[in-house]
1. Per residue of the range 75-91, in order, report the coupling 6.51 cos²θ - 1.76 cosθ + 1.60 (Karplus, θ = phi - 60°) as ³J(HN,Hα) in whole Hz, putting x for Gly and Pro.
2. Before rounding to the nearest 500, sum -39500 (n - 2.57) across all DSSP H runs of length at least 4 in the chain and divide by the residue total; then give [θ] at 222 nm in deg cm²/dmol.
3. Would you mind counting up the charge near D81? Only other residues with Cβ under 13 Å from its Cβ, with Lys and Arg at +1 and Asp and Glu at -1.
4. What is the Cα radius of gyration of the range 3-102 over 2.2 N^0.38 Å, N being its residue count?
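Every number here is computed from the coordinates shown, using simple stated rules; none is lab data. Just so it is clear, the model here is predicted, and its values are computed rather than measured. Glycine gets a Cβ as well: all are built from the backbone with ideal geometry, and neighbour counts include every protein chain shown.
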Amino acid sequence: MNILKKIINELEDNKAIDIVSIDVKEKTSITDYIVFATGTSNRHVHSLSRSIYENLKKNGFKNSVVEGDNSTGWIVIDTGDVIVHIFKKESREFYNLEKMWSAEIE
């Protein structure tokens, strides 16, 4: 199973809300996919990020980097091929990164 499927399965298993995956290979060289998900609280956001990070580590993806903390309502996990943004609802709506990454290339 590839890394994107592992991440999405982990998010689903841990009750993340509104999971969206965007293929950005044609838009940037920094990553292949960006995944967005929402947690119900700061604790849930943290729990989702820890679960993904530990699962990736256990499955041999040891170079993942986690940025952010419980208090911000936004945690980013960079695996290289996939960047995962886990937000609280308010933060996700405020930053609206999906709109930027889903825009068509002119």
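1. Rounded to whole hertz, the list is 10, 10, 10, 9, 9, x, 6, 9, 10, 10, 10, 10, 10, 7, 3, 4, 5.
2. Taken over the chain, the calculation gives -11500 deg cm²/dmol.
3. In short, 0.
4. Dividing the Cα Rg of the range 3-102 by 2.2 N^0.38 Å gives 0.97.
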